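Contents: one structure, followed by commentary.
Bear in mind that the values in this text are calculations on the coordinates, not laboratory data. Bear in mind the structure is a predicted one, so any value in this text is a computation, not a measurement. Note: ideal-geometry Cβ built from the backbone for every residue, glycine included; neighbour counts use all protein chains shown.
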Amino acid sequence: MACSPRGICSAVGACPAPYSQRVSRTALTRAADALRTIKYRVDSDDLSNLYPRLSMLLRRTFSRSLMLVAALPLAAIAAVMPHAKLKSSLPGAGSTVAAPKELRLTFSEKIELKIAKVTLLRGTEEVAALGDIAADAQAPETVIIPVTKSLAAGSYTVKYRVAGPDGHPMGGSYVFSVK
């Protein structure tokens, strides 16, 4: 025998269906009642009170979507903003040179010297052979790091971490050899 929409069997007096089916039938009944209410409210042309929770949810969703749309151009601008990238170096990456007196790193934009850090490594050990970082007077995007003691023959790694005017730190490294 079939159950009525309210979950009560006419023969037994209670629905023998599992609890989950009874819950879904109750939910269907509530949904039908809500639809009748909405139909009544739409018929009476009072759209502002159509369904207060739905209205609040739509407003919240709309405002969040609007904030997301407003934030997208800012994220796109931040993504394409130039960051300081190494354009060239002396000694050059992969080159073999006589012991250099200074390192010259040229970046794509002016570097904030108080944030900049350059280290010289031989193998995995740091070589304490570098002086203070200074900007080139003719080209402010070039930094000069004096080598304070003569470098022995071998392979050296220059590691740098710098930031441009936007403050975004960028780092990298390259290797050169001394003959």
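The charge dipole of the range 115-179, taken about its Cα centre with unit charges on the Cβ atoms of Lys, Arg (+1), Asp and Glu (-1) only, comes to about 280 debye.
Annotation for Arg104 and Ala70: the two label points, set 7 Å from Cα along the Cα-Cβ direction, are 4.9 nm apart.
Counting other Cβ atoms within 10 Å, which trypsin sites (Lys or Arg not before Pro) in the range 143-175 have at most 13 and lie in a DSSP loop? Passing sites in the range 143-175 are Lys149. Counting only residues at least eight positions apart within a chain, or on another chain, the lysines with an alpha carbon under 28 Å from that of Lys159 are Lys85, Lys87, Lys101, Lys110, Lys114, Lys117, Lys149, Lys179. Among Tyr174, Tyr156, sorting on how many other beta-carbon atoms sit within 10 Å of each Cβ, with the fewest leading, yields Tyr174, Tyr156. Using the Cβ of Val97 as centre and a radius below 15 Å, the other residues enclosed give a net charge of +3, where K and R count +1 and D and E count -1. Charge tally around Glu125: other residues with Cβ under 15 Å, Lys/Arg +1 each, Asp/Glu -1 each, net +2.
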